[in-house]
Every structure is written in structure tokens, then in C-alpha cells.
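Input: a single structure, listed below in C-alpha cells.
The values are calculated or read from the model by the stated rules, or taken from the named source; none is laboratory data. Every value quoted in this text rests on a predicted model; they were computed, and no experiment measured them. Cβ: placed from backbone, ideal geometry, glycine included. Neighbour counts: every protein chain shown.
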Amino acid sequence: MTAPSSLEDLRADIARAVDAVRASTPLVPSITNAITMDFVANAQLAAGGSAAMVYLAEEAAALAAAGGAFYVNLGALLPIHRDAIPAAARACRDLGRAWVLDPVGMGIGSLRAEVLAELRECQPTVVRGNASEIIALASAWGATSTPDGACGVRGVDSTDPVSAAEGAARALARQTGGAVAVSGAEDLITDGRRVVRVAGGSPLMSRVTGFGCSLGGVTAVYAAVAEPLVAAATAAAHYAAAGTVAAAQAAGPASFKVAFIDALFNLSAAEVAANPLTLEEVE
């Protein structure tokens, strides 16, 4: 699988990724927080994947071997995750499986810092987070040198705009050899050499818990069938297109969430690929 060299190629690759997931239903195990587990699984299923939620280290390694990709989310960490998350990442590295890291709450607590330190050598296929998380992770892993106070996290929310994280995202992608996705009003995805920007979606996405976590889960679904930049761009485009459709039908956050899952399921590959996006060569 090679990265696209033109916007036309990217749109074609996105459509192929959507069709490939629906044809193959890849199993994507996830270690994610209990707050959003239901949403993550339902979004993966609606996109065409198969979901499995993991707690135990031995289960993580076994399911990494059985799955097409793996999703690791660091939100609401529990002591049991201390062994399970590194076990999953190491298994994916050793097996050559794609895996997606969502460094939720980067910078909060010593347990999260310990786990992230171990994950650095496992080279995630895609890192997905908000701007503040990406800036902080790039600094923590030595991809950039970020002065104290240059980024901020309010709980699990970003205090930095997506544009502020572009340099960190590109540096982090070059370090991992994969792709980095920065979520915001306009998502930014990069492999260090190319930058994709994905528009669309709805402000209601920020009024329902779990949209970022579930986007990470769907990114992992696409990582099972596509190269990293295309996988992350496909997930972002699918989410943006579904958000636009759902917003036109919803009366508020609750009905928006239901309409969004339906839209994920019903959108065609061509509709996902047609979502507004750009591709730029940066080096």
C-alpha cells in the first residue's frame, strides 16, 4: 500500500478503503475507556468493522494476533491497563499489525506517563488526538522540543488550535513512520510529507461524549485495510460526512448521536470520498 500523490488518488483510495472494510469486516479489538466503550464499538460496527473490547493483558496479545488492527485509548486509565496496553502494543509490533494510539489526557497522571513511555518503541501506525495532546506527545517522545506552557490540556479538551499542532504532528509522524491525525473544527492528517485537511461535520460533535474516542476506533478499522495516511483520512472524511448528514436531521445532541450512527452505516463509499478535503505536499 502506497500513499496517494494527488487529491484524485486520495479520493479513490478513500472510496476503496470504505468498500474494503464493508467487504472484509475486519476485527479490531480495542482497549478504551468505559465511558465511551459503547459508542466506540457501535461506530466500528456501523463503519463495517467488527469490535471486541479488551481488559486483560493475555487477551490483548491474543486478540492482536487475531485482529486486523488494534485500538488503544488512554482515557480513564485503570490499574489493569498498566500491563494490557503495553502487551497489546508489543504484540502488534511483533506481528506487524496496524495499531492506533489515542493519547487522551496526555500529561495527566503518572500512570499515563509510564504507559506512554513504553509505547514509544512500539511505533503506532496512527496517532490520533486533539492539538494539545499531539503537541504534548511529540515533546514527550522527543520528536519536538516544546517549551513549558507551549500547550495546554483542560481535562481531555484541547486549549490549542489544530494549526498550532501541525509542526508537532509532522515531526511525530516522521518519528513513528506512520500518520498523525489532529482533530478539531477542520481535521489535519499528516505522514510527515503530506498534509490532508478534512472539513465538514457539526458543532454538535463536541456536545456528545465519545466522538473523539470513537473516531480513533474507526481509524483503526480503516488501518486494517489501508496505509496510515489513507486510513486516518478515510475515518475523518467518514465522520465529517456523517456529522453533516446527522446535523440536518437532529433536534439536539441525543438525536444527533443516533442519526450519526445511522449515517456512518448508510453513507456510500462515493459520498465519503466526496467530503470536502485537501492534500498538500509539504516536503
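Structure above, values below:
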| read-out | value |
| --- | --- |
| Selection count where residues are buried (at least 19 other Cβ atoms within 10 Å of the Cβ), part of a helix (DSSP H, G or I) and small (Gly, Ala, Ser), scope segment 105-150 | 5 |
| Within segment 160-182, considering residues that are modelled with pLDDT of 95 or more and not in a helix (DSSP H, G or I), the one farthest from Pro103 (Cα to Cα) | Gly177 |
| Test: residue in segment 267-277 that is more than 18 Å from Glu8 (Cβ to Cβ) and either modelled with pLDDT under 95 or in a helix (DSSP H, G or I) (or both) | no |
| Failed item, numbered, when Ala237 is tested on (1) over 15 Å from the mean Cα position of the chain (by Cα); (2) buried (at least 24 other Cβ atoms within 10 Å of the Cβ) | (1) |
| So Asp102, is it surrounded by fewer than 20 Cβ atoms within 10 Å (Cβ to Cβ) and modelled with pLDDT of 90 or more | no |
| Among the candidates Ala41, Ala64, Ala60, Ala17, residue that is touching a strand residue (DSSP E or B) at 6+ places or on another chain (Cβ under 8 Å), within 16 Å of Leu215 (Cα to Cα) and of a type in the set (A, V, I, L, M, F, W, C) | Ala41 |
| Residue within segment 78-93 that is in contact (Cβ under 8 Å) with a residue 24 or more places away in the chain, touching a Gly at 6+ places or on another chain (Cβ under 8 Å), over 23 Å from His238 (Cα atoms) and assigned to a loop (DSSP other than H, G, I, E, B) present | no |
| Near pairs, Cβ below 6 angstrom, 6+ apart or cross-chain, from segment 4-27 (in a helix (DSSP H, G or I) and buried (at least 20 other Cβ atoms within 10 Å of the Cβ)) to any residue that is modelled with pLDDT of 95 or more and among the aromatic types (Phe, Trp, Tyr) | Ala17/Tyr222 |
